[in-house]
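The values are calculated or read from the model by the stated rules, or taken from the named source; none is laboratory data. Note that the structure is predicted; figures quoted are calculated from it, not measured. Because the Cβ atoms are built from the backbone with ideal geometry, glycine has one as well, and the counts that use them run over all protein chains shown.
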Amino acid sequence: MAIGDYDVLHRASRELRAMPEPGWAAVERRVIEAVRATPRSGWPISVVDPRPGQAPGRIEVSDLVVRAGLARVLRSLPDVALVDVSVTVDERMLQEVRIEVSGRYGVDLTAIAAEIRTQATAVITQVLGDATGVQIDVAFTDVHR
């Protein structure tokens, strides 16, 4: 399941709710909380220190933070459906972001790819402080109506 691909979860939730299973309403909140509390591992990525020299150490975030931020922004774009976001990290530096999307049939995919890159650069800059040198690849792996 790709990041942001909640359709499967929504369908499963609808099916479970539609079933005459007594007690689902009582456990639903606990199940969702348990899933959200499950630890997730990720790759550390160095962040540009917003106040260099003020304190020793370094700042790092998980690649999950970058991927979640990208997914949140890209899901809001019209004419595309996010399929997947993957990243390449080398020595704690973000090297590449690969974004797979489905494009709406008949739209200008070149313009959409440019908008996706612009939005991705903004997210990376916001999260890490700098997007210089990060390669952003956009792949249209499907089309939809």
Arg30 vs (1) under 24 Å from Tyr6 (Cα atoms); (2) within 16 Å of the chain's Cα centre (by Cα): all pass except (2)
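So, in the stretch 90-108, exactly how many residues are surrounded by fewer than 18 Cβ atoms within 10 Å (Cβ to Cβ) and not acidic (Asp, Glu)?
Taking the stretch 90-108 as the starting set, the residues that turn out to be surrounded by fewer than 18 Cβ atoms within 10 Å (Cβ to Cβ) are 90-93, 95-96, 98, 100, 102, 104-108.
With the extra rule that they be not acidic (Asp, Glu), the set shrinks to 92-93, 95, 98, 102, 104-107.
Here the count works out to 9.
Search the stretch 32-46 for residues being of a type in the set (A, V, I, L, M) and within 27 Å of Arg17 (Cα to Cα), and hand back the single one that is surrounded by the most Cβ atoms within 10 Å (Cβ to Cβ).
By that ranking, first place goes to Ile32.
Among the candidates Arg104, Arg117, Arg92, single out the residue that is touching a His at 6+ places or on another chain (Cβ under 7 Å) and over 14 Å from Ala68 (Cα atoms). Before the answer, list the steps.
On the way: Arg117 fails: touching a His at 6+ places or on another chain (Cβ under 7 Å); Arg92 fails: touching a His at 6+ places or on another chain (Cβ under 7 Å).
The unique qualifying residue is Arg104.
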With the condition kept exactly as written, say whether any residue in the stretch 60-72 is in contact (Cβ under 8 Å) with a residue 12 or more places away in the chain, under 26 Å from Gly133 (Cα atoms) and over 16 Å from the mean Cα position of the chain (by Cα). yes
Given the structure, is Val66 surrounded by 17 or more Cβ atoms within 10 Å (Cβ to Cβ) and either touching a Lys or Arg at 6+ places or on another chain (Cβ under 7 Å) or in the same structural domain as Glu115 (by TED's automatic domain parsing) (or both)? yes
Restricting attention to the stretch 88-123, report how many residues are in contact with a helix residue (DSSP H, G or I) (Cβ under 7 Å, 6 or more places away or on another chain) and over 17 Å from Thr141 (Cβ atoms). 4
